[in-house]
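Visitor: Got a structure for you, questions after.
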Amino acid sequence: MRRYTALSDLIKPFPAGGTFNRAGWHALAHLPTAGGAPFWADLQILRRPLAFTREVHQHLGPVARTVIGGQPQVLLLSAQALETVLLDRERVFSAKGGWSSLMGELFPRGLLLRDGEEHRHHRRLLLPAMKRDALQGYLQAMVEPVRKTVAHWVHAGRLPALGLPAMRHLALSRAADLLLALHDAEEVRRAEQDFGALVDASTALLRLPLIGRRWARGLQARRRLVAQLLSLTRQRRAQPGPDFLSQLVQARDEEGRHLQDEEVVDHLVFLMMAAHDTTASALTSALTLLAQHPHWQQVLRDELAQEDPQQDLMARLGARRQMGQVIREVLRLNPPVAFVQRQTTADVEVDGLRLPSGTLLTLAPLHVQRDARWWSQPDAFAPERHSASGLPHPYAWTPFGGGPHLCLGQHLADAQMRLVLGEVLGRAELGLPPGLPLQWRHAPITHPAQQGPLLLHAKPLRSSP
């Protein structure tokens, strides 16, 4: 990393958009500098994020300043920093302030872009729809559609782009059904395109409506989604059903307050993105890693064969202990959200270094979850490492975040992965074309960098548990 010391002296920071906060940059002058050139750190995170963070950590330590998204940022690369910031005991790390520059116009007022009492109030209103009884209903409704979809995949024999488009379509169609009771195939297709445009726009370096084409497409997609969801929200207020949206419009807090239509829509846009894109990312990683490790495919098939068909669905899914280890290892190696944003709201100390109020922070779960201090052979796929209880550090594994903003949907996502993986492994052996190079991108959501196929070789169908 020979260029870092030179960049700290030779290259002035430059904004990627808007007005660069030079005062903020100079307020961080006591921190080592991981480059302040325009777009440079952004491109490193987009193209080689793990190599970049490892180089920074090796040469500069776990705390360094750089420029991301056109503004000064502090990179935090330790498990201790993740614990301090995510747990936020002193309530001085703002999720809204951290994510607003990347997501504020695309996903405004979603749960992740609320802090403090406002966040707690909205989270309480959403929480009942994620209880165990609700999850059981959601998952039971998924079984037959997932079974039919997987049978179609196996009949085709291969899925392009390592299965990512198929996983996105499956996850979005299930989210559209469960959250919105949206069944029309054309409406689901339009929603899938619009959510894809929203996620792509979140990585746009140019955010000007006339020349930032990716950004402009994302804003147009949001306008279409808002109109569609606002109409559905008003329909559910008049005629509620069993779906999540109906529960949301009827939810009341202790004082009888409810969400306004526009607030419901803001939550839906964000939750639909979170419910389908992160799950699709995790499933793609899981199937690809299992295709590379046939031994673990057989381990999971043997476990499935031991299930008790008399148990209810949630109990059967929960009993898949080794599958749970595989999922935890997949999420360790390839967390769908590899980088997390926050902003300080007061002067605070992290990892022994002072950060002034208003500092933008970029935390790196991807880096910490592959840190050799906590994980032996950190880049190896070794699900057995999760057979022991506990973690080497409480924040060495954080794919669902932590603290006040711990992901509401983590149990649904885990159960959905167990359901899909069980159906796939019960019907097919997974493989990859010989010599296919495997590379991953980790922004905005972890996804394969190449278009090679995931191969599915049909097996005799096991009896359904």
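Visitor: Under 4 °C and 1.567 mPa s, how fast does segment 139-205 diffuse according to Stokes-Einstein, given a Kirkwood radius computed over C-alpha pairs? Answer in µm²/s, whole number.
Guide: Calculated translational D: 99 µm²/s.
Visitor: Next question. Quick check: the distance between the Cα centres of segment 356-392 and segment 282-297, to the nearest angstrom?
Guide: 20
Visitor: Using amide H atoms built 1.01 Å from N in the peptide plane, name the residues 5+ places from Arg158, or on other chains, whose amide H lies under 5 Å from its own.
Guide: Leu456
Visitor: With angles folded into 0 to 90 degrees, how steeply does helix 116-126 sit against the dominant principal axis of the chain? Use alpha carbons for both and round to 10.
Guide: Taking Cα atoms only, the helix is inclined about 10 degrees.
Visitor: Let me ask something else. Which loop GluC sites (Glu not before Pro) in segment 67-137, with loop taken from DSSP, have no more than 16 other Cβ atoms within 10 angstrom of their Cβ? Intermediate results must be reported in sequence, preceding the final value.
Guide: On the way: sites: Glu83, Glu90, Glu105, Glu117, Glu118; in loops: Glu90, Glu105.
In loop regions of segment 67-137 (DSSP not H, G, I, E or B), the sparsely surrounded GluC sites (Glu not before Pro) are Glu90, Glu105.
Visitor: Any chance you could give the angle, 0 to 90 degrees and rounded to 10, that helix 294-305 forms with the longest Cα principal axis of the chain?
Guide: With both axes taken from Cα atoms, the answer is about 50 degrees.
Visitor: Ordered by residue, what ³J(HN,Hα) values in Hz, to whole numbers, does segment 128-138 give under the Karplus form 6.51 cos²θ - 1.76 cosθ + 1.60, where θ = phi - 60° and Gly and Pro are x?
Guide: Per residue, the Karplus-derived 3J(HN,Hα) values read x, 6, 10, 6, 4, 4, 5, 4, 4, x, 4 Hz.
Visitor: Now for a different question. Roughly what angle does helix 410-425 make with the longest principal axis of the chain, taking Cα atoms, 0 to 90 degrees, to the nearest 10?
Guide: Result, in degrees: 50.
Visitor: Let me ask something else. Based on alpha-carbon atoms only, what is the radius of gyration of segment 360-465 relative to the globular estimate 2.2 N^0.38 Å? Walk me through the numbers on the way to the answer.
Guide: Working: Rg = 17.2 Å, N = 106, 2.2 N^0.38 = 12.9 Å.
Dividing the Cα Rg of segment 360-465 by 2.2 N^0.38 Å gives 1.33.
Visitor: At 37 °C and 0.692 mPa s, grab the translational diffusion coefficient of the chain from Stokes-Einstein with a Kirkwood Rh over Cα pairs, rounded to a whole number in µm² per second.
Guide: The Stokes-Einstein estimate is 142 µm²/s.
Values quoted throughout were computed directly from the atomic coordinates according to the rules given, and no laboratory measurement underlies them. All values reported here derive from a predicted model rather than from experimental measurement. Cβ sites come from the backbone with ideal geometry, for glycine too, and all protein chains shown count toward neighbours.
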